[in-house]
Amino acid sequence: MSANEKRTILIVDDSAIDIAVMSEILAGAYGVLSATSADAAIEILHLSAAPDLILLDILMPGVDGLELCRRIHAEPRLESIPVIFVTSKDRVEDEAEGFTAGAVDFIVKPVNPNLLRARVKTHVDLKMARQALESQNETLRENARLREEVEQINRHDLKNPLMVIMNIPSVLLCKPGIGADEAKWLQMIQDSARRMLEIINMSIDIFKMEMGTYRPRPEPVNAAAIVRQIADAMPQIVASGSARIDVLGAGGSREASGVFLVSAEEPLLYTLLANLMRNAVEASPAGERVTISFSAGAASTIAIHNAGIIPAEIRGRFFQKFVTAGKPGGTGLGAYSAHLIARTLGGGIDFQSSEAEGTTITVSLPNVRAGEEDTGHAKINACD
C-alpha cells in the first residue's frame, strides 16, 4: 500500500444510524466499509482485502461482537487486525470482557468525534509500525540466510587449497636429511594451516554466537601452551622490534609454568588469545615488551599488557564491532570477537588503559573442575 493510499476501516454495527455517524466522522481520512451483522462482516473479510482496523458493536442479534472478535482473531489471515469495540455497554466488567475477547480499545456510545478519530489513528499507526517492523525482521532473517549461504561457499572454496598447504609439510617432514630448523618451520606451516582450517570451520560458530544460539562444549585447555604457540607463529612481528613477548607465570616470574588449565574450547581460546596478542603487539611502542601472565582464583585469569594506550575516544566502545582508531588496516573485529568468545565460554573480558600504566586486557574464564584435568592434545607422528 502506498503512502498516499487511504487505510480502510470496517464498521460492524446493527444500527444503520450509528454506521452513518461513524462513517461521516472518518470519511476523508479513511476508506470505510460497513456491515450490519456478523455474517455480513465475515463475508466482507473473506471476499475483500483485509481492513486496517475494525470498529465493532457488541450488542448485535445472532452472533454478537464478542464472539465475532474471537472468530476474527482465530483466523491467521485476520488475527493482526486491531478491533475497537464501540458500544453502549459502559460497565468496567464489559470493558474487561472486551479486552479479553481480543479488542485493543473500547469506546462508549454516543461517540465523541475527536475521540473516535484519535483512537482510530493511534491504532492504525501502531498496526502500520508493527508491519514495518516485521518487514524489517524478515529482511534481516533473509540477509542472515544469504550470509550463511555465502559463508558456506567460501568455506568450501578455501578448504581445498588449504588442505594442500597443510599436507605438504607432512610429506617433507618424512624425507631424510631434514634439519632441525627446517623441521621447525615446516611444523609451523602445518600448524598455521591447521589453525586456518579451524578458523574456517569456526566461522559459522562465530555467527551462532552473535545470534546467541551457540552451545559451548568446554574442556580443560592448556592456555599457557596456546600463548607460546601463538607467540612462535609471530616471529616476523616480534623480530621487527615492534615488541617482545614475555610469557609470565604467577607472581610475574619469567619462568612461566608449562601448564595453566582453563575450561574452554581450544579453537575458540586460540582465536581469542591470538586476536588480543596481535592487537597488543601492534599497539605496543617499538622495542617495548608485551607480557602475558596467568593467575588463578575464583576464575582463571589471563592478562595481556602492552605499553601503548587505547585512544580515549573509543574506550567506551572498545569491544563493539568495527571500532578502531589510529591503526592502518584495522578492522575493529579483534577485540569484538574476543569479547564475544569470552562471553560464550562463560567468562568475561575487561581492560585498563592509561598513559602511566599502558594497557592491560584481562580475560577471565571458568576454572577447570576437580577431576577434569587433562593436558592431552598429543601430536601424532605423520610419518608413522
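What follows draws every value from the coordinates through simple rules; no lab data is involved. Given the structure is predicted, the values throughout are model-derived calculations rather than measurements. So basically every Cβ, Gly included, is an ideal-geometry build from the backbone, and we count neighbours across all protein chains shown.
Below are the figures for this structure:
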| read-out | value |
| --- | --- |
| Kirkwood Rh (inverse of mean 1/r, distinct Cα pairs), the range 7-111, angstrom | 13.5 |
| Debye-sum result for the range 31-80 in log10 I(q)/I(0), which assumes one identical scatterer on each alpha carbon, at q = 0.15, 0.18 Å⁻¹ | -0.35, -0.51 |
| Cα-projected label distance for I314 with V63, points at 7 Å along beta-carbon direction, nm | 6.2 |
| Proxy reagent accessibility, fewest Cβ within 10 Å first, across T360, T344 | T360, T344 |
| Length released on extending from R244 to V108, taking residue separation times 0.36 nm less the Cα-Cα span | 41.1 nm |
| Loop sites in the range 73-114: GluC sites (Glu not before Pro), DSSP, at most 13 other Cβ within 10 Å | E79 |
| Sites A144 and A183, calculated FRET efficiency, Cβ-Cβ separation with R0 41 Å, nearest 0.05 | 0.40 |
| Sorted by Cβ density within 10 Å, fewest first, the residues M166, M22, M196 | M196, M166, M22 |
| Residues C174, C69 arranged by fewest to most Cβ contacts within 10 Å | C174, C69 |
| Cα-based convex hull, the range 288-327, per residue volume (Å³, whole number) | 110 |
